[in-house]
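Asker: Please read through the structure below; I'll follow up with questions.
The values are calculated or read from the model by the stated rules, or taken from the named source; none is laboratory data. Just so it is clear, the model here is predicted, and its values are computed rather than measured. Heads up, the Cβs are rebuilt from the backbone with ideal geometry, glycines too, and the neighbour counts pull from every protein chain shown.
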Amino acid sequence: MRIFSGIQPTGVLHLGNYFGAIKQWVELQEGNFCVYCIVDYHALTNENTVPHELRTNVKELALDLLACGIDPERSILFVQSAVPEHTELCWILGCVTSFGDLARMTQFKEKARGQEFVNGGLFYYPVLQAADILLYLADHVPVGEDQLQHLELTRRIARRFNWRFGEFFPEPEPILGKAPRLMSLADPMRKMSKSYGPEHYIGLMEPEEEIWRKIRTAVTDMGLTPGQTMSPGVANLFTLLELVAPADVVEEFRRLHTEGKLLYKDLKETLFRYLMAAMRPLRERRRELEAKGQIEEILAAGAERARKIAKGVIKEVRARVGLD
Ligand code: TYM
């Protein structure tokens with residue numbers, strides 16, 4: 001498979017990002033051609049992005065990704081703006097994209113809602129995402145559920161380009177992991193996300209006490225609808241437990257829940273223990289990598305490899321649409 005995926009440098013990497021996407025990125029490195037991108041152009045669509053923070057966030061995120069197991073020898077890891085062909089392809093693809101399709105994007109509508117100033121980049125965001133993927137002729141994209149609509153649009157854009165200019169782009173398929181939609185612990189009706197504030201995510205590299213505090217105070221009893229046997233908050237804790245604990249431990253807790261004997265405190269303590277056991281090696285590796293300090297070289301080498309592919313594809317695209 002030809003794999004492409006991207007992540008925004010918006011501060012911290014959280015458990016939703018990790019279990020929803022990054023864990024698959026790491027696993028897919030085995031036997032596939034993988035391109036992974038830190039999408040800083042996309043981050044500019046956020047009105048709150050501050051220049052010096054963006055620069056630091058890119059490097060911090062690169063360290064996080066390496067700590068999670070992205071191997072720059074096997075995969076191409078790079079920063080989007082180091083390969084300006086992304087924006088060139090974005091423009092060309094925009095001209096085969098339906099305005100109506102863009103106006104229907106739920107992420108756009110959510111992000112634009114209630115904002116005084118909605119920038120054009122936010123509207124065009126999914127076209128840039130399509131350009132990211134198609135620039136590497138990727139056929140598979142590991143993402144969380146919130147990106148499925150953008151991926152469907154990518155396929156429509158590829159199809160329309162191919163119809164007008166001849167078969168060229170693949171129609172990329174999503175790859176979903178075991179936790180395609182991890183929820184916020186503070187409000188389990190919403191997805192885990194940085195946009196809602198620090199109470200709504202758990203950062204991979206946060207201090208242990210902070211992680212424990214967030215798990216300890218996780219909402220458990222709210223939102224149970226008639227006929228449901230498990231509240232959304234408890235279901236979310238079980239989803240997390242399944243990701244980090246052995247099957248027999250999960251089974252035991254499920255049995256206790258069915259019998260009405262489950263103590264949330266025990267569930268939360270066990271989850272915290274297994275989560276930290278799973279995360280500690282990554283946190284350790286993060287510290288080592290930070291001390292080594294080769295991040296700029298790694299990203300520069302990644303950009304060079306990415307650009308070689310991007311240039312070849314853009315050359316072909318320019319010829320097909322009549323620019324060359
Ligand atoms: P971003 O930066 O918001 O998130 C990165 C990845 O994490 C997944 N994710 C989640 N998965 C499960 N549960 C959650 N609560 C959760 N929160 C986030 C996302 O689905 C994503 O896979 N538009 C993209 C970045 C992007 C991209 C691309 C992705 C730009 N170009 C090309 C794929 C291909 C975004 O904002 O992801």
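Asker: Look through the stretch 129-140, keep the residues that are over 12 Å from GLU85 (Cβ atoms) and of a type in the set (A, V, I, L, M, F, W, C), and return whichever of them is farthest from the ligand (Cβ to nearest atom).
Answerer: LEU137
Asker: Now a separate question. LEU77 passes all but one of (1) crowded, with 16+ Cβ neighbours inside 10 Å; (2) hydrophobic (A, V, I, L, M, F, W, C); (3) assigned to a helix (DSSP H, G or I); which number fails?
Answerer: The failed condition is (3).
Asker: Follow-up. Using beta carbons and a limit of 7 Å, which pairs, at least six apart or on different chains, have the first residue in the stretch 183-198 and under 14 Å from MET222 (Cα atoms) and in a helix (DSSP H, G or I) and the second one among the hydroxyl-bearing types (Ser, Thr, Tyr) and within 11 Å of the ligand (Cβ to nearest atom)?
Answerer: So the pair list comes out empty.
Asker: If I ask for residues that are part of a loop (DSSP other than H, G, I, E, B) and closer than 17 Å to MET183 by Cβ, which ones from the stretch 230-263 would you list?
Answerer: Across the stretch 230-263, the qualifying residues are MET230, SER231.
Asker: Go through the residues of the stretch 108-126 one by one and say whether even a single one is at pLDDT 95 or above, at positive phi and within 15 Å of the ligand (Cβ to nearest atom).
Answerer: Checking the stretch 108-126: not a single residue is at pLDDT 95 or above, at positive phi and within 15 Å of the ligand (Cβ to nearest atom).
Asker: Could you tell me how many of the residues in the stretch 170-182 are surrounded by 14 or more Cβ atoms within 10 Å (Cβ to Cβ) and not in a loop (DSSP other than H, G, I, E, B)?
Answerer: 2
Here's the yes/no breakdown for (1) of a type outside the set (Lys, Arg); (2) more than 9 Å from the ligand (Cβ to nearest atom); (3) touching an Asp or Glu at 6+ places or on another chain (Cβ under 7 Å):
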| position | (1), (2), (3) |
| --- | --- |
| THR10 | yes, no, no |
| LEU13 | yes, no, yes |
| ILE22 | yes, no, no |
| HIS42 | yes, no, no |
| PRO51 | yes, yes, no |
| ALA62 | yes, yes, no |
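Asker: Here's a check for you: in the stretch 200-230, which residue that is modelled with pLDDT under 95 and exposed (fewer than 13 other Cβ atoms within 10 Å of the Cβ) is nearest to the ligand (Cβ to nearest atom)?
Answerer: It comes out as MET222.
Asker: Could you look through the stretch 24-39, keep only residues that are crowded, with 21+ Cβ neighbours inside 10 Å and over 16 Å from GLY177 (Cα atoms), and pick out the one that is nearest to the ligand (Cβ to nearest atom)?
Answerer: Restricting to residues being crowded, with 21+ Cβ neighbours inside 10 Å and over 16 Å from GLY177 (Cα atoms), the top hit is VAL39.
Asker: Considering the stretch 2-61 alone, what residues qualify as being charged (D, E, K, R) and at pLDDT below 95?
Answerer: Correct list: GLU47 only.
Asker: If THR87 satisfies every condition in (1) within 10 Å of the ligand (Cβ to nearest atom); (2) surrounded by fewer than 23 Cβ atoms within 10 Å (Cβ to Cβ) but one, which is the exception?
Answerer: The one condition THR87 does not meet is (1).
Asker: Please go through the stretch 14-33 and pick out each residue that is over 15 Å from the mean Cα position of the chain (by Cα) and touching a residue at least 12 places away in the same chain (Cβ under 8 Å).
Answerer: GLN29, ASN32, PHE33
Asker: Give the residues of the stretch 262-308 that are at pLDDT 95 or above and among the basic types (Lys, Arg), sorted by residue number.
Answerer: Correct list: LYS265, LYS268, ARG273, ARG280, ARG283, ARG285, ARG286, ARG287, ARG305, ARG307, LYS308.
Asker: Please determine, by comparing only the residues of the stretch 113-169 that are among the aliphatic types (A, V, I, L, M) and assigned to a loop (DSSP other than H, G, I, E, B), which one is surrounded by the most Cβ atoms within 10 Å (Cβ to Cβ).
Answerer: LEU135
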